[in-house]
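Written below as structure tokens is the structure these notes are about.
The values are calculated or read from the model by the stated rules, or taken from the named source; none is laboratory data. If you're wondering where the values come from, they're calculated on a predicted model, not measured in any experiment. Here the Cβ positions follow ideal geometry from the backbone for every residue, glycine too, while neighbour counts run over all protein chains shown. For accessibility, only protein heavy atoms count, side chains too; no ligands or nucleic acids. Shrake-Rupley method; radii C 1.70, N 1.55, O 1.52, S 1.80 Å.
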Amino acid sequence: MELLRKVSEAPGISGFEYGIAEIIKKELEGHTDKIEEDAFGNLYVHKGKGPKTIMITAHTDEIGLIVKHIDEKGFIRFAKVGGVPDHVLLGQRVQVHGKNKKLSGTIGCKAIHVMKEDERKQLVTYDKMFVDTGATKDQLTKYGVRVGTPITIERGVTELENGLIVGRAMDDRAGCYMLIEALKNANPVNRIVGVFTVQEEVGLRGATVSSFSVRPDVGIAIDTTIAGDHPEIGESEAPIKLGSGPTLVVADGRRDSLGGGLIANPLVIQWLTDLAEKSNIKCQFEVLEGGTTDATAIQLSREGVPSGCIAIPARYVHSFSEVVSKNDIESGVRLLVSIMENPVPF
Ligand SMILES: [Zn+2]
């Protein structure tokens, strides 16, 4: 739990994931064969030898904001990095990561009292919001806050009842935690390359370049997925449940067509299903309309790579309060260890 908290609370919007890479490096030092980084910021952790190269990814970046403009009084307008829904932004506390000082701030907008009747009925969009740090423009300059400075939402990890936890960036720090734990504990029978990828939330960029250099025989992405077990999603719409085990993603992609996504190689799904059965791990199967993961980039690398995705069910994904089950995460770690310690049957 301590490690999960540490990786979940470390700030790192897409393109600014350095801090998380440092934590992972420190955590895995001495437990693996080699750790290296590429020019893009991806972290590669090598462990084991064997006939197959298995690439397993977890993305280190989180969704967030970036400074777009600072006005004369020091109010900051921002752009969104990744799929940030406007309606979860209002009233959030933030951290503005100035080069010389980390500043606290809050997201402001017009108060309801001064909104006109039609304004009150409308969703306030992010371009009508701004960050207030209390600092003047000159102070912001002194603190190294300028156009392009990353902004993260200020939210820690909190334990809920029945083994559930809520955190700002379980997508995909839960995956990072699982990959760290599995790499630490497994005795692989294949060549495992754990890749902590950057810039997933803005288009699978880290996985695209890293799968080219790793040249894997098999690719597995670890990520989070949509749990629909709450009052606002119908069961047929999102049948995945918290606490019912990690999800094997059979297919995902755009809503209506599954375009731009992954159709998992059936051999990979069968292999993962057999491993889960053998290790007594309960799993769920999923076809997800409306999103995809690093596995999509890996499968399209070079001549094509059989790929799959193991996803941890999460409620309220991309709301900065993502709820996951510790049991699902621990089952996911066991499944990953089993992937590393057993031969690939194809
Ligand atoms: Zn993700």
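A few remarks follow.
- Residue count, region 217-267 (criterion: closer than 20 Å to S301 by Cβ, more than 16 Å from the ligand (Cβ to nearest atom) and in a loop (DSSP other than H, G, I, E, B)): 5
- Within region 133-143, none of the residues are closer than 23 Å to G91 by Cα, within 16 Å of the ligand (Cβ to nearest atom) and either in a strand (DSSP E or B) or open to solvent by less than 40 Å² (accessible area, probe 1.4 Å) (or both).
- Within region 17-40, if we keep just the residues that are within 20 Å of the chain's Cα centre (by Cα) and either within 16 Å of the ligand (Cβ to nearest atom) or β-branched (V, I, T) (or both), the residue that is farthest from K6 (Cα to Cα) turns out to be E17.
- First in region 321-341 and of a type in the set (S, T, N, Q), second anywhere and buried (at least 22 other Cβ atoms within 10 Å of the Cβ) and outside any helix (DSSP H, G or I), Cβ under 6 Å, 6 or more apart: S331/P246
- Restricting attention to region 144-200, the residues being assigned to a loop (DSSP other than H, G, I, E, B), among the hydrophobic types (A, V, I, L, M, F, W, C) and more than 16 Å from the ligand (Cβ to nearest atom) number 6.
- For region 272-294, residues that are in contact with a helix residue (DSSP H, G or I) (Cβ under 8 Å, 6 or more places away or on another chain) and either open to solvent by less than 40 Å² (accessible area, probe 1.4 Å) or assigned to a loop (DSSP other than H, G, I, E, B) (or both) total 8.
- Some residue of region 103-123 being within 29 Å of T224 (Cα to Cα), hydrophobic (A, V, I, L, M, F, W, C), in a strand (DSSP E or B) and touching a residue at least 40 places away in the same chain (Cβ under 8 Å): no
Yes or no, residue by residue, for (1) open to solvent by 70 Å² or more (accessible area, probe 1.4 Å); (2) under 13 Å from I151 (Cβ atoms); (3) among the acidic types (D, E):
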site	(1), (2), (3)
G83	no, no, no
D86	no, no, yes
L89	no, yes, no
N100	yes, no, no
C109	no, no, no
V114	yes, no, no
D118	yes, no, yes
Q122	yes, no, no
T125	no, no, no
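- Which listed residue, of G74, G41, G50, is touching a strand residue (DSSP E or B) at 6+ places or on another chain (Cβ under 6 Å), of a type outside the set (S, T, Y), surrounded by 14 or more Cβ atoms within 10 Å (Cβ to Cβ) and part of a loop (DSSP other than H, G, I, E, B): G50
- G206 in a strand (DSSP E or B), in the same structural domain as L300 (by TED's automatic domain parsing) and in contact (Cβ under 8 Å) with a residue 60 or more places away in the chain: no
- The set of residues in region 221-243 that are open to solvent by less than 20 Å² (accessible area, probe 1.4 Å) and hydrophobic (A, V, I, L, M, F, W, C) comprises A221, I222, A227, A238, I240.
- All conditions in (1) at pLDDT 95 or above; (2) touching a Cys at 6+ places or on another chain (Cβ under 8 Å); (3) not acidic (D, E) hold for V124, with the sole exception of (1).
- Some residue of region 298-306 being closer than 29 Å to P11 by Cβ, open to solvent by 10 Å² or more (accessible area, probe 1.4 Å), in the same structural domain as V7 (by TED's automatic domain parsing) and assigned to a helix (DSSP H, G or I): no
- Scanning region 53-70 for residues that are open to solvent by 10 Å² or more (accessible area, probe 1.4 Å) and touching a helix residue (DSSP H, G or I) at 6+ places or on another chain (Cβ under 7 Å) gives T53, I70.
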